[in-house]
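This report concerns only the one structure given below.
The values are calculated or read from the model by the stated rules, or taken from the named source; none is laboratory data. Small disclaimer: the values here were computed from a predicted structure and weren't measured. Glycine gets a Cβ as well: all are built from the backbone with ideal geometry, and neighbour counts include every protein chain shown. Heavy atoms of the whole protein, side chains included, go into the accessibility calculation; ligands, DNA and RNA do not. Shrake-Rupley method; radii C 1.70, N 1.55, O 1.52, S 1.80 Å.
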Amino acid sequence: MDPLVAEAATPLLHSTSSDTSSDADENTPAPSYSFDSKQIGFRCDFLSKSPSGYFPYRQLAVLSGHIGSVSCLALCGEFILSASQGKDIIVWQQPDLRVFTRFGHGEGSVKAVVTVGSKVFTAHQDGKIRVWKVSRRSENNFRLVNTLPTAKDYLGKFMKQRNYVQTRRHHKILWIEHADTISCLAVHNGLIYSGSWDKTLKIWRVSDLKCLESIKAHDDAINGIVICNGIVYSASADGKIKAWGRKKQEQEQEQEETHCLLGILEGHKDESMNCVVVSGDGKWVYGGISDGFLMGWEKTGESVSCWKVVWERRAHKMAVLCVCLMGEFLCSGSADKSIGIWRREAFGRLCKVGVINGHDGPIKCLQVAPNGVGDGFLLYSGSLDRSLRVWWVSKASAMGVGALVAEDSKKAIVSF
């Protein structure tokens with residue numbers, strides 16, 4: 001399993017029925033989209049022409065019901081969690097893809113969601129992180145158990161002047177607070193990392209929800225975070241991806257490890273770096289840029305502080321908003337409403353194998369299932385059109401599929 005999605009796949013819920021939760025809006029339909037993953041095929045009209053041949057994919061479901069635009073996704077065992085700018089979070093149950101439950105809270109829209117064991121952490125536009133847990137009274141009911149920073153953390157710091165930082169003229173806040181929207185979350189080794197439009201990266205301990213560290217990480221808003229092999233990569237509107245590593249403190253045994261800057265991956269000048277993803281071995285880093293480009297960097301030598309640009313290409317007509325990896329495949333979502341499918345080749349280069357169309361709005365978030373399905377994988381996409389769509393994407397070589405379609409052109413369905 002790809003380490004980038006392994007933590008998000010932790011079992012969280014246990015359903016006893018596939019019926020729609022009573023918490024769901026009565027006016028919202030709860031259709032069933034059951035499919036047999038062992039017999040997935042594709043119709044010829046789902047073939048997309050690409051420079052290297054024909055690219056097969058199939059749309060399995062269109063899930064609607066969010067109040068606002070879908071802003072983030074998380075996979076959790078047999079469940080899919082999707083959140084929106086309308087402040088609501090929906091838990092979808094697989095394989096029938098029914099609404100299992102709904103929950104939500106906050107003064108602002110939900111920008112990011114991650115799962116850790118039996119807890120769900122959500123980041124909001126109001127600068128808060130909220131912690132949810134499955135209620136003991138009902139398996140399909142989430143209750144709010146805490147908000148970060150916690151009251152205990154506040155009480156331990158608000159009396160000391162040195163714990164305050166100035167955010168703007170005549171205005172100060174505690175360093176444990178985010179002063180603006182929290183745009184992204186990531187989990188690794190018992191820690192939660194939050195990136196914000198206030199340009200800071202904060203580190204929280206899962207066990208006691210304490211804020212351990214705050215880093216003035218970038219010169220502009222942080223848009224994305226990913227962690228691989230203990231290295232934290234943050235993408236920012238300042239056009240850079242920065243790599244951070246933990247530094248051991250030898251002076252005091254009780255003092256926590258702090259993070260230090262390991263290196264900077266430069267993007268395009270005056271263009272926002274909207275998202276970042278890293279290969280499982282940590283050798284390749286890919287970023288999506290607001291000018292529609294994808295860029296790739298290679299780690300050179302044994303040092304984690306040296307990267308060089310090995311590939312860049314105009315991938316979309318408009319800004320690249322999200323990226324995800326599934327083995328040798330990279331998926332990119334764009335403001336042009338399309339999803340690009342790329343295959344990783346030698347020296348970190350990417351070869352475009354197809355394009356998926358179907359959404360009526362910009363693609364805001366992507367996730368891939370950690371386990372393959374047949375000769376392909378499941379791709380989940382959330383859009384500003386308020387829908388969540390589920391796709392089956394073939395891993396078959398484009399040339400092989402082209403030959404197969406030519407041979408079976410008279411058949412309605414081609415199956416693997």
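Do we find that Ser290 is surrounded by 22 or more Cβ atoms within 10 Å (Cβ to Cβ) and among the polar types (S, T, N, Q) in this structure? The answer is no for Ser290. From the list Asn163, Asn141, the lone residue that is farther than 28 Å from Gly68 by Cβ and out of contact with any Pro (no Cβ under 6 Å at 6 or more places or on another chain) is Asn163.
I need the full set of residues from the range 266-297 which are among the polar types (S, T, N, Q) and under 15 Å from the mean Cα position of the chain (by Cα), in order please. Those that are among the polar types (S, T, N, Q) and under 15 Å from the mean Cα position of the chain (by Cα): Asn274, Ser279.
When Glu177 is tested against (1) modelled with pLDDT of 90 or more; (2) within 21 Å of the chain's Cα centre (by Cα); (3) assigned to a loop (DSSP other than H, G, I, E, B), exactly one condition is not met: (2).
Mind listing just one residue for me: the one in the range 290-332 that is in contact with a Leu (Cβ under 8 Å, 6 or more places away or on another chain), assigned to a loop (DSSP other than H, G, I, E, B) and in contact (Cβ under 8 Å) with a residue 40 or more places away in the chain and, of those, nearest to Leu262 (Cα to Cα)? Ranking the candidates gives Ser305 first.
Being open to solvent by less than 60 Å² (accessible area, probe 1.4 Å) and touching a Phe, Trp or Tyr at 6+ places or on another chain (Cβ under 9 Å) holds for only one residue in Thr181, Thr258, and it is Thr181. Within the range 231-240, one or more residues are open to solvent by 30 Å² or more (accessible area, probe 1.4 Å) and part of a strand (DSSP E or B). If you go through the range 80-100 and pick out every residue that is over 14 Å from Leu63 (Cα atoms) and not small (Gly, Ala, Ser), you end up with 3. Scanning the range 97-119 for residues that are open to solvent by less than 50 Å² (accessible area, probe 1.4 Å) and part of a strand (DSSP E or B) turns up Val99, Phe100, Thr101, Arg102, Phe103, Val110, Lys111, Ala112, Val113, Val114, Thr115, Val116. Does Val226 count as outside any loop (DSSP other than H, G, I, E, B), within 18 Å of Leu294 (Cβ to Cβ) and open to solvent by less than 70 Å² (accessible area, probe 1.4 Å)? Yes. Do the conditions hold for Thr122, that is, is it in contact with a Lys or Arg (Cβ under 8 Å, 6 or more places away or on another chain), of a type in the set (S, T, N, Q) and in a strand (DSSP E or B)? So Thr122 passes the test.
Taken as a whole, the structure places Thr122 among residues that are surrounded by 16 or more Cβ atoms within 10 Å (Cβ to Cβ), of a type in the set (Val, Ile, Thr) and under 19 Å from His66 (Cα atoms). A count restricted to the range 343-398 and to residues that are farther than 15 Å from Arg58 by Cα, among the basic types (Lys, Arg) and touching a residue at least 24 places away in the same chain (Cβ under 8 Å) stands at 5. Entry remark, the range 91-118: residues being without any contact (Cβ under 8 Å) to a residue 40 or more places away in the chain and within 19 Å of Leu185 (Cα to Cα) number 5 in total.
Of all residues in the range 67-95, those satisfying the criterion of being surrounded by fewer than 24 Cβ atoms within 10 Å (Cβ to Cβ) and touching a helix residue (DSSP H, G or I) at 6+ places or on another chain (Cβ under 8 Å) are Leu75, Cys76, Gly77, Pro95. Filtered by the rule that a residue be touching a helix residue (DSSP H, G or I) at 6+ places or on another chain (Cβ under 8 Å) and surrounded by fewer than 20 Cβ atoms within 10 Å (Cβ to Cβ), the range 374-395 gives a lone residue, Gly374. Within the range 180-223, restricting attention to residues that are aromatic (Phe, Trp, Tyr) and in a strand (DSSP E or B), the residue that is nearest to Asp153 (Cα to Cα) is Trp204.
Against the list (1) of a type outside the set (Val, Ile, Thr); (2) free of Cβ contacts under 8 Å to residues at least 40 places away in the same chain; (3) not in a loop (DSSP other than H, G, I, E, B), the condition Asn146 fails is (2). Per the conditions (1) open to solvent by 60 Å² or more (accessible area, probe 1.4 Å); (2) basic (Lys, Arg); (3) touching a residue at least 12 places away in the same chain (Cβ under 8 Å); (4) over 27 Å from Cys76 (Cβ atoms), the sole criterion not satisfied by Arg162 is (3).
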